[in-house]
Amino acid sequence: MINKTLLALATSLTLLAAGTANAQIGKAASEATDAAQHKIDEKQADSKAKKSGPVGKAVNNVKSGYHKNRSKASAEKAKQSLKNAG
């Protein structure tokens, strides 16, 4: 009886850990997607800055910097989520 209880408990803990790992992997994928989107937005802002006048250049350079920082932060979060999943 005790062996069956221990087996059920071990199985439950294994399933719980697997569910947590899957959630972390999903979170990592979401963060990686965000990082990629910010990288695209950064490149678009850089392109617009090259074609703009002085004010547009300043605005687009600020946008580019914002997206660069967000991309790095999202990439770090994705890495951390993968570490947590392992």
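A few points about this structure:
- Residue within the range 20-27 that is assigned to a helix (DSSP H, G or I), of a type in the set (Val, Ile, Thr) and at pLDDT 65 or above present: yes
- A Cβ distance below 6 Å, combined with a sequence gap of six or more or placement on separate chains, defines the contacts here; from the range 59-80, residues that are over 13 Å from HIS38 (Cα atoms) reach residues that are aliphatic (A, V, I, L, M) and assigned to a helix (DSSP H, G or I) in the pairs ASN60/ALA45; ASN60/ALA49; ASN61/ALA49; ALA78/ALA28; ALA78/ALA32.
- Qualifying residue in the range 51-64 (condition: of a type in the set (S, T, N, Q), outside any helix (DSSP H, G or I) and surrounded by 14 or more Cβ atoms within 10 Å (Cβ to Cβ)): yes
- Among the criteria (1) among the basic types (Lys, Arg); (2) within 25 Å of GLY26 (Cβ to Cβ); (3) modelled with pLDDT of 95 or more, the one LYS48 does not fulfil is (2).
The values are calculated or read from the model by the stated rules, or taken from the named source; none is laboratory data. The structure presented is a predicted model; accordingly, all values stated were derived computationally and were not measured. Neighbour counts are summed over all protein chains in view; Cβ atoms, including those assigned to glycine, are modelled from backbone coordinates with ideal geometry.
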